[in-house]
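What follows draws every value from the coordinates through simple rules; no lab data is involved. Quick caveat, the model's predicted, so the values are computed rather than measured.
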Amino acid sequence: MKVRKAVIPAAGLGTRFLPATKALAKEMLPIIDKPTIQYIVEEAKKSGIEDILVVTGKGKRPIEDHFDSVPELEQNLKDKGKTELLKLVEQTTDINLYFIRQSHPRGLGDAVLMAKDFVGDEPFVVMLGDDIMKDKVPLTKQLMDRYDDTHASTLAVMKVPHQEVNKYGVIDPAAQTKPGLYDVKRFVEKPAVDKAPSDLAIIGRYLLTPEIFSMLETQKPGAGNEIQLTDAIDRLNKIQRVFAHEFKGDRFDVGYKFGYLKTSIEFGLRHPEVKDDLSAYIKELSKKLK
């Protein structure tokens, strides 16, 4: 069955970015001139995803507004002949987006469970907004291509520094069935550094079969007293194979302050409008700070 649907959980409180996120959805924080969630939606579109469900929470209405049309703005840009800006605005409405609210923050697993009726009996992709991925072939498309071969759930993983494994879900890999594709013995959510089975961490892209919902419906709270998606995937792996696909592209973690700053700088150095000025500024600033 073709993978057509994606789920983007966006109900978190964004506490690592307070006070900015007191009244602003974390997913709307911009990288130069584009909200972080738009990068995720664009990856889905480039991968061939047709329908996207965004799981929101209180205070997340600006996400819906961003992907809605604004006739007054569009007409103003038309009248002034600002065709390039008009194209940028119209691109944000050129996809089928749906929204549902997670009333209580019970964890990522609970947020994904909210998508059960939207997904139905189809395989689907879960895309976390804290990770922006760059590669010649979008990571979501890489997972979809793997599914075409295996017809099984497949998670994206990437090697991380060993001292950071306690921040992630980590896989206990078996043999590689194909280059970069692992059979997995078990999945462990935020293991202690000295007990982690590997340095291969789950990085925010999941292709899941609909059987995950029966696991989530009976999943007991885990780390942080929340319903952990990783725990449900580990149970799913006991009744049907779940694979891990190693990502070799660039990952930008915008879920914490320093990662957000690094991403902004790197993307700024690639942005046609600001790259030259930013590069010159960084060089001049480095001289002042010596």
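Annotations for the structure displayed:
- Taking a straight line from the alpha carbon of Lys275, these aspartates and glutamates sit under 16 Å away, with near neighbours fewer than eight places off in the same chain left out: Asp33, Glu266, Glu284.
- Of all DSSP beta bridges in region 29-175, antiparallel share, percent nearest 5: 25 percent
- Reachable lysines from Lys220, criterion Cα separation under 25 angstrom, eight or more residues apart if same chain: Lys58, Lys116, Lys167, Lys185, Lys190, Lys195, Lys238
- Normalised contact order of region 31-130, rounded percent, pairs of Cα under 8 Å and 6 or more residues apart: 43 percent
- Value of [θ]222 nm, deg cm²/dmol, for the chain, DSSP H segments ≥ 4, -39500 (n - 2.57) each, nearest 500: -9500 deg cm²/dmol
- Helix 139-150 and the longest principal axis of the Cα set of the chain meet at an angle near 30°.
- Whether region 1-154 is rounded, prolate or oblate, judged on the alpha carbon gyration tensor where a/c under 1.5 counts as rounded: oblate
- Principal-axis tilt of helix 36-47 within the chain, Cα atoms, nearest 10 degrees: 70 degrees
- Between Ala196, Ala11, Ala280, the Gaussian network model of the chain with springs among Cα atoms under 10 angstrom shows the greatest mean-square fluctuation at Ala280.
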